[in-house]
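The next block holds one structure in the form of structure tokens; read it before the comments.
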Amino acid sequence: MIKKQLLFILAVTTFGYVNTAHSQSPISGFMQGKGKGNVSLSFSSEKYDEVYFIPEKVQGVPVFNETKITSTSIYATYGISNQVDVVLVLPYVTAKGNATPEVLMNLDLQNERKGFQDASVFIKYSPFYFDFGSSSLRLIGALGLKTPLGNYKVEEGFQSIIAIGNRSTTVSTTGMAMYKTNSGIFASAQLAGNYASNNVPNSYATELKIGFAAKSFYGDAFIANQKSTGGVDIFGPGFTGFFPITKVNYTKIGLNLYTPIYKELGVSVGASTLVAGRNIGNSTGYYGGLVYKF
Amino acid sequence: MKNITIKNAFFAAALMLTIVSCDSEYKDETPSIAGIAVANPNFSTLEGAAVQGGVVGVLSNSNPNDPSGHYTVFAPTNDAFARLGLINTGTLGGLQNGFLTNTLLYHVSNGDLLASQISNGGTSKSALGPNRRFISRGNDLYINGSKIILTNVNASNGTVHAIDKVMIATGVDIVQSAILLQTAKVFKAPELTFLVAAVVKSGLAPVLADPNANFTIYAPTDAAFKLAGFKTVQDVSNAPAEVLAQVLLNHAIAGGKFTSEQTSTTVVTAGGGSLTYSPFLNGTFTIKSGGITKPANMVIPDIQCSNGIVHVIDQVLIP
């Protein structure tokens, strides 16, 4: 029997503007168990020089040519009870563009923004667990709140391409099903709704994950999708040069690996890349992290 | 029991895969004019100009000033900008933003103007105000001095035609236009400062400012005056008025003509002298007067003023 405390995989959360939403959901299908949890420190980097506009992928990020986003994130999860986990995510984000000095001067823009972004807190609740003997099915609901922690300002005009965040407070609700077998193979599916406080469009996100979880190894592959329910297209009707109000849709694939290295300490690595999108940079990102389990 | 579970899991996975479908439903959507400029690498300088000139939002949206909601844009290619030394978006910093915005608006008009609606001798009012005129030359069609090299690109908010030269209109008379350059309202660095001094000293300003006049003017740059022996603007002001007038009148021809409209190879100037033009090639020609050994080249051709057309040149046309 694979024990539920085995696992976890960290989530990399960055939020850039022509760019990304959560690289993957911070909500996994595993519960920590009462009094147990883990903390991780991870470093991620993603880059793009192509953007999915309407109707095609275009070479070159407007003004900035290319965008690179690195983030250092603290991710922690703790089991309040066997059925309730708390998840915390705090990213420090550096967004860099590659505009020439002349263009930056002409347009009064800057190539870099960095700072603490938006902290997220999630409460995960798993009311239903069905043990079928050789396999099990778990249903999870999660409620999350993401809100600006630092005092970064909302960027205006094209500077909003290179920005830490949009100072939106977002409430998210997630429903999830996790099926796993005693051999360690698992599949999870989730659907999340994200409701933003300001003029950032609401969105819903899905993630389908399959993987293998054993005591000394964890691996998964996922496909994630986000669709905004409102917002404007970049260079479309309603667009004024302010990027946070744009509709952001994407389909992303990725993988995550984790292995313990010494006692309670483990390392995780992963990669993800966009395969389709709308108003989003065609980014590919990598991360690596140290995980402490307790 | 196990079978049911697997079936349920399979069903859930299939449902999720349906939701997690690739977002490709927009492939058939038509981009806006701004979107076309951004997507086409031949319009990257135009894209930068639209950002710097603050018209990206305008060209992303429908036109509130036309019932169709559409614009027509004559879009200069990167090569068109490069003719003016604007070789990339960084070099646009040499221009004043107000001038850049006005220049972009001169390329825009209300409604769809399709190639089939354009004919020799026709005109089209720009969003800036001044009319542009259409000229047929050989097999080519020009708007002012700019050749239309690609027509009828359909955008969600209008129509795009590509042109090979940037069009410039000042909206004011020839003297006021020169003063715009002299006072750095066009380029951030002053230009035509020697010429303005010469016009003032010569007493020709009232003639060149006459709203009822219509001239073609060849306007030598500051470097051209230096090449002709004037070290400073003061040297120009110190020169005898009648000498300056004689030289300046060799730069003026009755009737304002864009490069595309110039078909003869010699012209008589307002001073009674003559100029010789090289054959029209790639949208330009050189100008030779009796007092210079090598012909002058055009630096900025086809500037439309309210009472004529000005071509900025790199030499003083000594009679």
Quiz item: Can you tell which of A:GLU46, A:GLU207, A:GLU102 shows the greatest fluctuation in a Gaussian network model of chain A with Cα springs below 10 Å?
Solution: A:GLU102
Quiz prompt | Local net charge near B:LEU181, Cβ-Cβ under 10 Å (Lys/Arg +1, Asp/Glu -1) | solution = -1
Exercise. Highest first, please rank the peptides B:269-281, A:149-161 by the mean number of other Cβ atoms sitting within 10 Å of their residues.
Key: A:149-161, B:269-281
Quiz prompt | Across A:LYS96/A:LYS209; A:LYS180/A:LYS227; A:LYS209/A:LYS252, pairs whose alpha-carbon gap is larger than 19 Å | solution = A:LYS96/A:LYS209; A:LYS180/A:LYS227
Quiz prompt | Cβ charges +1 (Lys, Arg) and -1 (Asp, Glu), total dipole of the protein assembly as shown, debye | solution = 2040 debye
Quiz item: Roughly how many whole Å is it from the C-alpha centroid of the stretch B:284-319 to that of the stretch B:172-225?
Solution: 13 Å
Practice problem: For an R0 of 30 angstrom, estimate the FRET efficiency from the Cβ-Cβ distance between A:THR259 and A:GLN83 and round to the nearest 0.05. | Solution: 0.60
Quiz item: Where the only charges are on Cβ atoms (+1 Lys, Arg; -1 Asp, Glu), what is the dipole of the stretch B:33-167 about its Cα centre, to the nearest 20 debye?
Solution: 320 debye
Quiz item: When chain A is treated as a GNM, springs tying every alpha-carbon pair under 10 Å, which of A:VAL275, A:VAL61, A:VAL87 comes out with the largest mean-square fluctuation?
Solution: A:VAL275
Quiz item: Around A:SER272, with a cut-off of 14 angstrom between Cβ atoms, what is the net charge of the other residues, counting Lys and Arg +1 and Asp and Glu -1?
Solution: 0
Quiz prompt | Dimensions (Å) - the protein assembly as shown, Cα atoms, principal axes, largest first | solution = 107, 48, 36
Self-check item: 13 Å beta-carbon shell around B:ILE287, net charge (K/R +1, D/E -1)
Solution: +2
Quiz item: Tell me, in nm to one decimal, what length is gained between B:SER237 and B:ALA115 on full extension, where the rule is 0.36 nm per residue of separation less the Cα-Cα distance?
Solution: 39.0 nm
Quiz item: Per the Debye formula with a single identical scatterer at each Cα and no solvent contribution, what log10 I(q)/I(0) holds for chain B at q = 0.09 Å⁻¹?
Solution: -0.51
Quiz item: Which three lengths, in whole Å and largest first, does the stretch B:33-167 cover when its Cα atoms are put on their principal axes?
Solution: 36, 34, 26
Practice problem: Taking the convex hull of the Cα atoms, report for the stretch A:24-66 its projected area averaged over all directions, in nm². | Solution: 5.4 nm²
Quiz item: What ranking do A:117-126, A:166-175 get when scored by the average of other Cβ atoms within 10 Å per residue, highest first?
Solution: A:117-126, A:166-175
Quiz item: Which residues' amide hydrogens lie under 5 Å from the amide hydrogen of A:GLY238, considering only partners 5 or more residues apart or on another chain, with H built in the peptide plane?
Solution: B:SER62
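If the only charges are +1 at each Lys and Arg Cβ and -1 at each Asp and Glu Cβ, what is the size of the charge dipole of the stretch B:119-166 around the Cα centre, to the nearest 20 debye?
160 debye
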Quiz item: Which listed residue (B:VAL38, B:ASN97, B:ASN61) has the Cα farthest towards the positive end of the charge dipole for the stretch B:33-167, taking +1 on Lys and Arg C-beta and -1 on Asp and Glu C-beta about the Cα centre?
Solution: B:ASN97
Quiz prompt | Shielding of A:104-112 by partner chains, average beta-carbon count, 10 Å | solution = 3
Practice problem: Would you please calculate the Kirkwood hydrodynamic radius of the stretch B:174-313 over all C-alpha pairs and express it in Å, rounded to one decimal? | Solution: 15.1 Å
Practice problem: Treating the Cα atoms of chain A as identical point scatterers in vacuum, please give the log10 of the normalised Debye intensity I(q)/I(0) at q = 0.09, 0.15, 0.16 Å⁻¹, two decimals. | Solution: -0.42, -1.11, -1.24
Quiz item: Do the sum for the protein assembly as shown: with -39,500 (n - 2.57) for every DSSP H run of n ≥ 4, divided by all residues, what is the mean residue ellipticity at 222 nm, to the nearest 500 deg cm²/dmol?
Solution: -4500 deg cm²/dmol
Quiz item: So if R0 is 41 Å, what FRET efficiency would A:SER216 and A:GLN110 give, r being the distance between their Cβ atoms, rounded to the nearest 0.05?
Solution: 0.35
Practice problem: Give B:LYS125/B:LYS188; B:LYS226/B:LYS257; A:LYS34/A:LYS215; A:LYS36/A:LYS124; A:LYS124/A:LYS146; B:LYS188/B:LYS226 a once-over and call out the pairs whose C-alpha atoms are over 22 Å from each other. | Solution: B:LYS125/B:LYS188; B:LYS226/B:LYS257
Quiz item: What residue among B:ILE148, A:VAL93, A:PHE64 has its Cα farthest toward the positive end of the dipole of the protein assembly as shown, where the charges are +1 on Lys, Arg and -1 on Asp, Glu, each on the Cβ?
Solution: A:VAL93
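Every number here is computed from the coordinates shown, using simple stated rules; none is lab data. Keep in mind that what you see is a predicted model, and the values were worked out from it rather than measured. Neighbour counts run over all protein chains shown; Cβ positions are idealised from the backbone, glycine included.
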